[in-house]
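The values are calculated or read from the model by the stated rules, or taken from the named source; none is laboratory data. The structure displayed is predicted, hence computed values, not measured ones. Virtual Cβ from ideal backbone geometry, glycine too; neighbours counted across all protein chains shown.
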Amino acid sequence: MNSLGEAFAAAWRLIAGFDAELAQVVGLSLQVSLIAVVIATLIGLPIGAMIAVGRFRGRQTLIVLLNALMGLPPVVVGLVVYLLLSRAGPLGNLGILFTPTAMVIAQTVLITPIIAALSRQIIEDAWREYDEQLRSLGARRINAAMTLIWDTRFSLLTILLAGFGRAAAEVGAVMIVGGNIAGVTRVMTTTIALETSKGDLPLALGLGIVLITLVIVLNALAAVIREMALRRYG
Amino acid sequence: MLPLELDQLTFSAGNAAIIRGISARIEAGPRTVILGPNGAGKSVLMRLCHGLLTPTGGRIVWHGAMNGGKSVDVRRHQAMVFQRPVMLRRSALANVMYGLKLAGKSRNQSGLRAMDVLEVVGLAQHAARPARVLSGGEQQRLALARAWALGPDVLFLDEPTANLDPASTQDIENIINAIHASGTKIIMTTHNLGQARRLGDEILFISNGRLMEHTPIDKFFRQPASSEAAAFIKGEMPWQ
């Protein structure tokens, strides 16, 4: 119990003192996850919108598949990306295994289905309300898709934050493709895993506190933005 | 665009027949009111005419839209105002400009035209406000402005005042008359006899998916030809 208290105190000193190693790890975490969210949004949002307003064969199957992909096990994603990027793999000559780029790829694969599936749901719900009005005004499906993305922008922002949270908190995939190399590919989650097994609790705990705080702040931010938007735009 | 001809029009959803063989010819000019009890098929008939629903049988022909035998894009020449208008999450002005931009107007043209119609419906001072925070009556006026801005040959209105108080209703009716005066054909549904009388020149009385009467307004109220219409009038205005 006492050692736990000491570990907490030490963790707090690291955070309060802007410990260089801790800051570096947090910084890389944010950078990798942020880039992954941006790329996943550029891919996932149009996919979600097109499925939402589209009418084509196999649509229902695609939705089921997409929803299932939301639960992709990170270690499996890590393994597949690892095989693709390893020397003998099809993308081996890129030489990006064990770099932050590989981690961005793994996280993007992980959260693109989440952003596509959740945005599909939100946009489709809005489409039910807007459908006749938009068609009456002369909107084609592609116009409608873009209009709906814009009109649901505050709800969609919540999804992006959820995707970011998932990416930042994930450990299996980045561990495999990043390799957890100190100063290069070490992020919050992988460092926590490593330091815990080494018995260096202050750093692990400090990062844990930062990680949890980050998740809470993100969710609070999402709630505040939605609330403000509702009040302002109805 | 007009005349509009409906030829043995039918529509069913699943096993339920909603429109059962309606034939009618609607001419340019008079304000046409589609009247009937709730569930008669008024809204569905209007959605079929506007092209939001596809008939399961029969034909809809816009005779005036045949250009040397070829049909032109008829939807561009129509607009519709719904019972509960859907406002986009943007300003009132941007809501009106939305349809204009879809119709291919430049940003400049759209802006000028949108401000003009907002002025006419009395919403110019709210142009910059988010549309969804306007009151119900204001939203419906905005919906009218958005439809009118497109300069349609035909304007469909589906129970446009069903959810509004008397003052807002009067505003809406005045605007409908102004749109009529500007040369746009008005086709509207209502189940309110007072409104039918105030706004209608001719009545299409629908009951249970069938067209029971197509008559000038005076004749309809003086001597309804069908027992259904007589019963509807008596039920709505028992003092007469």
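Quick test of your reading of the structure: B:Met80 fulfils all but one of (1) within 11 Å of another protein chain (Cβ to nearest Cβ); (2) surrounded by fewer than 15 Cβ atoms within 10 Å (Cβ to Cβ); (3) touching a residue at least 60 places away in the same chain (Cβ under 8 Å). Name the failing condition by number.
Going through (1) within 11 Å of another protein chain (Cβ to nearest Cβ); (2) surrounded by fewer than 15 Cβ atoms within 10 Å (Cβ to Cβ); (3) touching a residue at least 60 places away in the same chain (Cβ under 8 Å) one by one, B:Met80 breaks only (2).
Assess whether B:Arg113 counts as being among the basic types (Lys, Arg), modelled with pLDDT of 95 or more and either under 28 Å from B:Phe11 (Cα atoms) or out of contact with any Ser or Thr (no Cβ under 8 Å at 6 or more places or on another chain) (or both). Quick ask: steps written out before the conclusion?
Details: among the basic types (Lys, Arg): yes; modelled with pLDDT of 95 or more: yes; either under 28 Å from B:Phe11 (Cα atoms) or out of contact with any Ser or Thr (no Cβ under 8 Å at 6 or more places or on another chain) (or both): yes.
Judged against the criteria, B:Arg113 is a match.
Given (1) under 29 Å from B:Thr190 (Cα atoms); (2) more than 12 Å from chain A (Cβ to nearest Cβ); (3) part of a helix (DSSP H, G or I), where does B:Pro160 come up short, assuming only one miss?
It is condition (3) that B:Pro160 fails.
Going residue by residue through the stretch A:74-92, is there one that turns out to be touching a Gly at 6+ places or on another chain (Cβ under 7 Å), within 14 Å of chain B (Cβ to nearest Cβ) and either closer than 30 Å to B:Pro160 by Cα or not aliphatic (A, V, I, L, M) (or both)?
no
Across the stretch A:181-203, what is the total count of residues that are within 23 Å of the chain's Cα centre (by Cα) and in contact (Cβ under 8 Å) with a residue 24 or more places away in the chain?
9
Taking the conditions exactly as written (more than 12 Å from every other protein chain (Cβ to nearest Cβ) and in contact with a Lys or Arg (Cβ under 8 Å, 6 or more places away or on another chain)), does B:Arg107 satisfy them or not? First the steps, then the outcome.
On the way: more than 12 Å from every other protein chain (Cβ to nearest Cβ): yes; in contact with a Lys or Arg (Cβ under 8 Å, 6 or more places away or on another chain): yes.
In short, yes.
Quickly run through the stretch A:55-81 and pick out the residues that are of a type in the set (D, E, K, R) and in a loop (DSSP other than H, G, I, E, B).
Within the stretch A:55-81, A:Arg55, A:Arg57 qualify.
Spot the failing condition for B:Cys49; the list is (1) within 14 Å of chain A (Cβ to nearest Cβ); (2) within 17 Å of B:Leu155 (Cα to Cα); (3) not in a helix (DSSP H, G or I), and only one is missed.
Evaluating B:Cys49 over (1) within 14 Å of chain A (Cβ to nearest Cβ); (2) within 17 Å of B:Leu155 (Cα to Cα); (3) not in a helix (DSSP H, G or I) leaves (3) as the failure.
Give the residues of the stretch B:172-192 that are surrounded by fewer than 19 Cβ atoms within 10 Å (Cβ to Cβ) and in a helix (DSSP H, G or I), sorted by residue number.
Within the stretch B:172-192, B:Glu173, B:Asn174, B:Asn177, B:Ala178, B:His180, B:Ala181 qualify.
Could you tell me whether any residue of the stretch B:67-88 is of a type in the set (Gly, Ala, Ser) and under 26 Å from B:Ala131 (Cβ atoms)?
Yes, the stretch B:67-88 has at least one match.
Can you report the number of residues in the stretch A:6-54 which are farther than 30 Å from A:Arg128 by Cβ and part of a helix (DSSP H, G or I)?
Number of matching residues: 28.
In the stretch B:84-103, is there at least one residue being within 11 Å of chain A (Cβ to nearest Cβ), free of Cβ contacts under 8 Å to residues at least 12 places away in the same chain, small (Gly, Ala, Ser) and more than 23 Å from A:Arg232 (Cβ to Cβ)?
Looking for residues that are within 11 Å of chain A (Cβ to nearest Cβ), free of Cβ contacts under 8 Å to residues at least 12 places away in the same chain, small (Gly, Ala, Ser) and more than 23 Å from A:Arg232 (Cβ to Cβ), one finds none in the stretch B:84-103, hence no.
Could you list, in sequence order, the residues of the stretch A:82-127 that are assigned to a helix (DSSP H, G or I) and farther than 28 Å from A:Arg153 by Cα?
A:Tyr82, A:Leu83, A:Leu84, A:Leu85, A:Gly92, A:Asn93, A:Leu94, A:Pro100, A:Thr101, A:Ala102
Name, by its number, the condition in (1) away from chain B (no Cβ under 14 Å); (2) closer than 24 Å to A:Ala68 by Cα that does not hold for A:Ala126.
A:Ala126 satisfies every listed condition except (1).
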